[in-house]
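The structure under discussion appears below in the form of structure tokens.
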Amino acid sequence: MTATGGIDWRRVGTVVGNAGTNEFTFILRQFQSRVGDIVALGMDVPGRSYNEQSRIYVWARITAIRRFNPFFPFEAAQEIASEGISLEDTVLSGTRDQLEAVALILGATPEDNVAHISPLTYPVKPASTVYHPPADAIRRLLIGGSTEEQTALVGSLIARDDVDVTLSAPRMVARHLAILAMTGGGKTVAARRIIRELIKYGYPVLILDPHGDYIGLVKCQEMLQAEAPGCNIKLFFPELLMRQDGEDLITTLVSQMTSGLSEAQMSYVTSLYDSNATHDAETALAYISRLLDRVRNDYAGSNAPSGLAQNWRGTVGAVLRSFRIVHDKLDRMRRSSERMRRSSKLRDLPFEALPNPFSEPDLIIRPGQVSVLYLGGYDHITQCSIAAITLETLFEFRANLTGRIAPFFTVIEEAQTFIPSFREGTQDAVSLPVIRRIITEGRKFGTGLMFISQRPSRLDETIVSQCNSFLILRLVNPRDQTFVRSVMENLTESDARMIPGFGPGQGIVSGQVVRFPLPIRVKMDEELMASELGDEDFFVQAAAWTPDEHESTRAENRLSMDRVNQRRGGRRKPSS
């Protein structure tokens, strides 16, 4: 059997038993193949008319290999073990073992065109010879006929280092991708690999980075520019910006960070909004400060504010407490984020405030630019609010077809924060409905998403199930494995059994970005592994640590303020 070009294919086994159109079993020669390998065999099938035959190649992937020795029965093993006899002292053979491999059929191709694959509709013939194809034939099979399509190199076949695995870049950025793995499984390595490939095409990328996993990309900018001239890595920190008539943000923050507002309190707050217009590019913190001043004045006054009658002081006092809590939390998180950016590892990085997505979206999304939005220092409620505002605004620019910004791809790290399942509680995740809309309508407007998570079972199942492609690395948690099986329609039982046994960087890619599910080894880009956060040597830090003389005083002040806010949240009358 030869491939196109006359390259001989290596014989590795013979089909045995009952063979069908979905899988077959063959006896494998010793040390000639392994699980995950792609094999092929030639056979005759009925032609277009049943009076003729045509020659095809049948392609299959080895999903399991079992080893047995017909000359070493169970009874003999039991006798040897119980009597303590050495195998060498018997007439039994320990070298006549055989390998039985199970192969999942991927499809069939004409003998003269391995790129054109179709389902097999005629069963495999027993006693057929199974071959190990050359790397070039497998590459053409994986790519198919779309040689002009942009592809993203993600790694190689797990059993064949000489066969590259590439993803369809257009389908990935339009139809969404999920990378799921436990801690240490290699999900961030895989994400960086994909981002690097998109950079080569100059495709705009926005990264929501809660823990700083991607801010090290800025140190690789010179190297990346050598591969993609003109590429630019921008590091942003968030500013919760108000938009014209955008007081819903304040109402959302109050409802998320406090016990909420009653109907009377909300009526009073609405009057505050009406009389305190937002300024251009004003931050939420500055706006709340202005509102607080107005509420303090109302509370200190002797007359009820417009619209409030009896018991007005209790209503105004409750609003004062709520606004003060939100203001203090936002201010504390802002200062925490500043301290993190001024740390020894981050202070030299070129951080910028996130441009206003309402008025300057083209500074966030532009061809050749990767925008990393570092969300460190903010709690998950505020992170969700920032993500919701930014993504919704950018999506609206695309959905309105104004041409203001280019199509873009959003990478969402720690996705369980932004799209939690109902079991985790969705009342605090204002980003959930925004992302749900984007993943439903994004294909039409060029706003693709890539979710990355170490706890798949904590993700919103409806959203994840709408991802058209998946890269599943190692998962050992039973709930996470069950979740993956529920959202991946084409995950076979044999593939599911492989997931807990994967090593770092090993996994299964499936969906519309590839022609069929493939076990792969993700390519490790060591030059992109610059990590400014994480992997710290805390023993070195502990040995060099010296106390901050002023921190104890600051901590006491914060604790006192928290206690005051808690007391004011009860029935006591607040001071002005």
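FYI, it's all coordinate maths here, none of it is from the lab. This is a predicted model, so every value here is computed, not measured. Please note: Cβ atoms are built from the backbone with ideal geometry, for glycine as well, and neighbour counts cover all protein chains shown.
Given Cβ point charges of +1 (Lys, Arg) and -1 (Asp, Glu) and nothing else, what value in debye, to the nearest 20, does the dipole of the chain about its Cα centre take?
1280
Packing around the peptides 56-64, 174-182, taken as the average count of other Cβ atoms within 10 Å per residue, puts them in this order, highest first: 174-182, 56-64. Ranked by the mean number of other Cβ atoms within 10 Å of their residues, highest first, the peptides 351-357, 385-391, 462-468 come out as 385-391, 462-468, 351-357. At an R0 of 51 angstrom, the distance between the Cβ atoms of residue 45 and residue 527 translates into a FRET efficiency of 0.55.
Between the range 429-495 and the range 329-351, the alpha-carbon centres lie 32 Å apart. Distances between placed amide hydrogens fall under 5 Å for residue 106 paired with 59, 60, 61, all partners being 5 or more residues away or on another chain.
Putting +1 on Lys and Arg Cβ atoms and -1 on Asp and Glu Cβ atoms, find which of 471, 499, 397 reaches farthest to the positive end of the dipole of the chain. Going by the charge dipole, the pick is 397. Taking the C-alpha atoms only, the angle from helix 551-568 to the longest principal axis of the chain is near 70 degrees.
Take the Cα of residue 345, step 7 Å toward its Cβ, do the same at residue 122, and the gap between the two points is 6.2 nm. The amide H of residue 167, built 1.01 Å from its N in the peptide plane, has 152, 153, 154 as neighbours under 5 Å, considering only residues 5 or more places off or on other chains. Taking amide H as placed 1.01 Å from N in the peptide plane, residue 520 has its amide H under 5 Å from the amide H of 158, 507, 508, 509, each at least 5 places away in sequence or on another chain. Note on residue 129 and residue 292: the extension gain reaches 50.6 nm, defined as 0.36 nm multiplied by sequence separation minus the Cα-Cα distance. Listing 33, 275, 510 from fewest to most neighbouring C-beta atoms within 10 Å gives 275, 510, 33. Mean residue ellipticity at 222 nm from the helices of the chain, using -39,500 (n - 2.57) per DSSP H segment of n ≥ 4 over the full residue count, to the nearest 500 deg cm²/dmol? Roughly -11000 deg cm²/dmol at 222 nm, from the helical runs in the chain. A simple packing score, the average count of other Cβ atoms within 10 Å per residue, orders the peptides 440-449, 162-171, 206-215 as 206-215, 162-171, 440-449, with the highest score first.
Look at 223, 172, 488 and count the other Cβ atoms within 10 Å of each Cβ; fewest to most, that gives 223, 488, 172.
Can you tell me the orientation of helix 380-399 relative to the chain, as the angle in degrees between its alpha-carbon axis and the longest Cα principal axis, to the nearest 10? With rounding to tens, the tilt is 80 degrees. Fewest neighbouring Cβ atoms within 10 Å first, the residues 129, 417 line up as 129, 417. Here the 3J(HN,Hα) profile of the range 103-114, calculated from phi with Karplus coefficients 6.51, -1.76 and 1.60 at θ = phi - 60°, is 10, 8, 6, 8, x, 10, 10, x, 4, 9, 8, 6 Hz, Gly and Pro shown as x. In order along the range 151-165, the Karplus-derived 3J(HN,Hα) couplings, from 6.51 cos²θ - 1.76 cosθ + 1.60 at θ = phi - 60°, round to 10, 10, 6, 10, x, 9, 4, 5, 9, 9, 5, 8, 10, 6, 10 Hz, and Gly and Pro are given as x.
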